[in-house]
1. Mind counting the residues in segment 543-558 that are among the acidic types (Asp, Glu) and open to solvent by 10 Å² or more (accessible area, probe 1.4 Å)?
2. Is there a residue being buried (at least 24 other Cβ atoms within 10 Å of the Cβ) and modelled with pLDDT of 95 or more anywhere in segment 357-366?
3. From the set of residues in segment 176-208 that are assigned to a loop (DSSP other than H, G, I, E, B) and polar (S, T, N, Q), which is least open to solvent (accessible area, probe 1.4 Å)?
4. What number goes with the only condition from (1) over 28 Å from residue 101 (Cα atoms); (2) touching a helix residue (DSSP H, G or I) at 6+ places or on another chain (Cβ under 7 Å); (3) not small (Gly, Ala, Ser) that residue 298 does not pass?
5. Give the residue that is most open to solvent (accessible area, probe 1.4 Å), with candidates limited to residues of segment 104-159 that are more than 23 Å from residue 211 (Cα to Cα), among the charged types (D, E, K, R) and touching a strand residue (DSSP E or B) at 6+ places or on another chain (Cβ under 9 Å).
6. Only one residue in 436, 377 is outside any strand (DSSP E or B), open to solvent by less than 10 Å² (accessible area, probe 1.4 Å) and touching a strand residue (DSSP E or B) at 6+ places or on another chain (Cβ under 9 Å), so which one is that?
7. Run down 516, 461, 469 and say which single residue is buried (at least 17 other Cβ atoms within 10 Å of the Cβ), at pLDDT 95 or above, over 26 Å from residue 283 (Cβ atoms) and in contact with a Ser or Thr (Cβ under 7 Å, 6 or more places away or on another chain).
Amino acid sequence: MGHTHDHGHGDTHRHSHEGAIGPAVDLSIEDVDLPQGDLGRRNFLRAAGVLGAGAATASLVTSTGVAAAADGPDTAPQNSRKPRAWLAGDHHIHTQYSSDGLYTVEDQVKHADAFGLDWVVITDHGGATHSKIGVDKVNPDIRRSRDLHPEMLVFQGLEWNIPAAEHGTVFVHPGANEVAVLKAFETAYDGSASNTSGNTPENELHAVKGLQFLKSAVSDRKVQDALMLANHPARNGIDSPHEVRAWRDAADGIAVGWEGAPGHQAAGLKATTPGPGNARGYYGNAPSAGRSFMPYPLESYRTWGGFDFYSATVGGLWDSLLAEGKPWWITANSDSHSNYLDTAVRGAGSAFDANGRYNDPDYSGAPNFSAGDYFPGFYSRTHVGATHDSYAGLMAGLRAGNVWVDHGRLIEEVDVAVRVGGREVGLGGAVTGRRGASAELRIRITPAQRSNWAQFLPRLRKLDLIKGRVTGPAEDRDVFHTPHTSVVRTWEVKDGETVELVVPLGAIDETGFYIRLRGSDGKRTQAGYYGAAVDPAGPAMDVVGDADPWKDLWFYTNPIFVLPRA
């Protein structure tokens, strides 16, 4: 069943969340007569062996349901227990304006809209061609999609080649100067465009200067807002801990986090599925001398339950950043370039270097079994709590860390808050109290209400509470481990139940602590990298060539801090 919710920026948002029986499985409708989204679902079912000769469509799991928008006080996002809206989105999406892209902006936006996303960021690859041509040319296409989808928040951004490091999403609030600011930033501070990719201290400083440029663009009112999130940080091991800390500290509120889970989740499907037979997230790499941060373990070059090692490891780099008591948030997205089972092929006669784009794709090909991506919203979602459904509200919610992420629509809704005395805060917030005061955690998790893109109703089977001490600024800026964080509680979840828990967190001590949540379908677990005493049943390290993302679903929340009153 579809649902309707008012987003408050000019139109009512109608998302087609039809879970199962529909045009995709109605074999009286020819393939050529199906919309692309339904054709993609039909091809998925065929590949899975549940649609076609002898397959019974009645065996498909169906569900209907509506997630009610949470109403709450109009307070600052970091202090808001119940934001006015949870907005699902994706901040890492490529189009024909990327040298390895394929789709039009409208292709990506309409698929995201059809699968329930509320916001997207178009992030074509930075570099010389994009800075000279693409950043200008893509803007009319983005503005056209804004007009065609007034219920969607469609941001213009780019995928920054971070000097001396990996990639990152950079995007700005829409406005008269969005192109000018992005173009100036990319020309001066993109590692490829400015020839600053090499791993040197000078180039690391250049990345910091780029973030400071964005902060100045906001303070000088050239753009209303700007954000940066690091992409696939552990993929090649070249985002060293001290670089991440430098980005976080360089321009307060600009660099706010990283992809806790990378895109390219279909890449791990076995070749015999048929699928790409590659590494999930394309995390199939190894250390590179002169580029990688060599102290990272070999295990960090793989995803764990589809999540980046830095975020999936309890007590790892993410926790060592949080232990400093400073914000650093996680997201999840598609990194959509070429999508699994889609029929698009690149337009003939394209001259990317000359035109800054490829010609529009032709949807006349066969289903692509070798592609490693999904359309935005088909698998990964980043849910942002916003007090206002607007571009500014979305960016404020991201900056505040009022964010949870999931894969495969594992759950419908999360409501998490910590109470100390009479004050309660939600995700990304910090609540203070006198030393010795008791803190209490309240959790409510609504199970999945509808089938996902893979045509089944996922079920949450286990929930973990992770708790860590706040120990203050790191003496060693390259530390990527904290021994003071562990899984402190685990709950088994019954089939389809709503989880409602009130959990005592103990007294506030001299340093304070933080908590975060994680849950899964329970199908693949193993002891965490730092041992069973720290994480007895965390995500399993993904096997290259054999990592079905639909049989290994997780959700993660961002933390809540509990600190002693000064």
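The values are calculated or read from the model by the stated rules, or taken from the named source; none is laboratory data. Every value quoted in this text rests on a predicted model; they were computed, and no experiment measured them. Cβ: placed from backbone, ideal geometry, glycine included. Neighbour counts: every protein chain shown. Note: accessible area is taken over every heavy atom of the protein model, side chains too, but ligands, DNA and RNA are not part of it. Shrake-Rupley method; radii C 1.70, N 1.55, O 1.52, S 1.80 Å.
1. From segment 543-558, those among the acidic types (Asp, Glu) are 546, 548, 552; that's our starting set.
Checking the rest, the ones that are also open to solvent by 10 Å² or more (accessible area, probe 1.4 Å) come to 546, 548.
Here the count works out to 2.
2. Taking segment 357-366 as the starting set, the residues that turn out to be buried (at least 24 other Cβ atoms within 10 Å of the Cβ) are 357.
Adding the requirement that they be modelled with pLDDT of 95 or more leaves 357.
Among the residues of segment 357-366, at least one is buried (at least 24 other Cβ atoms within 10 Å of the Cβ) and modelled with pLDDT of 95 or more, which makes the answer yes.
3. First pass over segment 176-208, keeping only residues assigned to a loop (DSSP other than H, G, I, E, B): 176-177, 190-200.
Narrowing the set further to residues that are polar (S, T, N, Q) leaves 177, 192, 194-197, 199-200.
Working: 177: 66, 192: 68, 194: 33, 195: 138, 196: 15, 197: 53, 199: 65, 200: 48 Å².
Of everything passing the filter in segment 176-208, 196 is least open to solvent (accessible area, probe 1.4 Å).
4. (2) is the only condition that residue 298 fails.
5. Among residues in segment 104-159 that are more than 23 Å from residue 211 (Cα to Cα), among the charged types (D, E, K, R) and touching a strand residue (DSSP E or B) at 6+ places or on another chain (Cβ under 9 Å), the one most open to solvent (accessible area, probe 1.4 Å) is 143.
6. One residue alone meets the criteria, 377.
7. Working: 516 fails: over 26 Å from residue 283 (Cβ atoms); 461 fails: over 26 Å from residue 283 (Cβ atoms).
After applying the criteria, what remains is 469.
This table checks each residue for (1) in contact (Cβ under 8 Å) with a residue 60 or more places away in the chain; (2) in contact with a helix residue (DSSP H, G or I) (Cβ under 7 Å, 6 or more places away or on another chain); (3) closer than 25 Å to residue 111 by Cα.
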position	(1), (2), (3)
138	yes, yes, yes
143	no, no, yes
150	yes, no, yes
160	yes, no, yes
167	yes, no, yes
